[in-house]
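> Following this message is one structure expressed as structure tokens.
The values are calculated or read from the model by the stated rules, or taken from the named source; none is laboratory data. Only a predicted model underlies this, so the values are computations on that prediction, with no experimental measurement involved. Positions of Cβ are generated from backbone atoms using ideal geometry, with glycine treated the same way; all protein chains shown enter the neighbour counts. Protein only, heavy atoms only, side chains kept; ligands, DNA and RNA dropped before computing areas. Shrake-Rupley method; radii C 1.70, N 1.55, O 1.52, S 1.80 Å.
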Amino acid sequence: MKSLRARVALSAAVVLAIFILLTSLALEHAFQDSARSAREQRLLGQLYLLMAAAEAEDGTLAFPSEQAEPRLGLPESGLYAAVMDEVGNRIWESRSNISLDAPLHGPLPPGRVVFDQREGADGRDYFVERFGVTWATGPLPVAYTFAIAEDLGPYQAELAGFRTGLAGWLGAMSLL
């Protein structure tokens, strides 16, 4: 009889462990997708702010010295921006990017938006959002690519905090 109880208890423990593991994976995946989507939307909003600040001047784009997002003015702040012409030459970059070469390269055709994760020259990972536009700066419209990158450090810390909390809560629930 004792053997039967032990086998039933062991079977229940195994089923519970599998259920807790699968629940943990599903919740972590959902949280990661949500956090990534939120970062993408925030970067796109910051790109729109950057585009709103641009002014056509003497056949090119000009930007005010102070940006709406203060982190773009602080060196190595974790947020970096640049504007490139149709061949990929940078015509403007944020002060935050002066001492660092964030992976903002690559022109896009007008109307195309790309969000991806890239590794920078410094070995760190970044979320990068790029937006190709056509801008009438002179007699003929010119294609530009607006790009903004954010260091993944805070995002990874947020995921690590979520994982720790999730493991604690699910562990406590399984003990109960």
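> Check which residues have an amide H placed less than 5 Å from Glu86's amide H, if you skip close sequence neighbours.
Amide H to amide H, under 5 Å and 5 or more residues apart or across chains, Glu86 pairs with Ala143.
> Calculate how steeply helix 153-175 sits against the longest principal axis of the alpha-carbon atoms of the chain, using the helix alpha-carbon long axis, and give the answer as 0 to 90 degrees to the nearest 10.
With both axes taken from Cα atoms, the answer is about 10 degrees.
> Continuing with this model, one more query. Using only the Cα atoms of segment 63-137, build the gyration tensor, take square roots of its eigenvalues as a ≥ b ≥ c, and label the shape rounded, prolate or oblate: rounded if a/c is under 1.5, else prolate if a/b is larger than b/c, else oblate.
oblate
> Oh, and also: Could you state how much accessible area Ile98 has, in square angstrom rounded to the nearest 10, with a 1.4 Å probe and all protein chains kept in place?
110
> On average, how much accessible surface per residue is there in the chain, in Å², for a 1.4 Å probe, leaving out ligands, DNA and RNA?
For the chain, the solvent-accessible area averages 58 Å² per residue.
> Calculate for the chain the 222 nm mean residue ellipticity that helices alone would give, adding -39,500 (n - 2.57) per DSSP H run of length 4 or more and normalising by residue count, nearest 500 deg cm²/dmol.
So the calculated ellipticity at 222 nm is -15500 deg cm²/dmol.
> How much of the accessible area of the chain, in percent, comes from carbon and sulfur atoms when a 1.4 Å probe is used?
62
> What whole number of Å gives the distance from the Cα centroid of segment 49-76 to the Cα centroid of segment 138-164?
16
> Further, regarding this structure: Against the longest principal axis of the chain, how steep is helix 2-53, in degrees 0 to 90 to the nearest 10, with axes from Cα atoms?
The angle comes out at about 10 degrees.
> Which of these, Ser65, Ser24, Ser94, has the largest mean-square fluctuation under a Gaussian network model of the chain (Cα springs below 10 Å)?
Ser65
> Using per-residue counts of other Cβ atoms within 10 Å, averaged over each peptide, order 126-138, 4-16 from highest down. Could you put the intermediate results ahead of the total?
Working: 126-138: 18.7, 4-16: 10.0.
Packing order, densest peptide first, comes out as 126-138, 4-16.
> Only Cα pairs under 8 Å and at least 6 apart count here; give the relative contact order of segment 1-104 as a rounded whole percent.
On the way: 71 pairs, mean separation 15.0, N = 104.
The normalised contact order for segment 1-104 reaches 14 percent.
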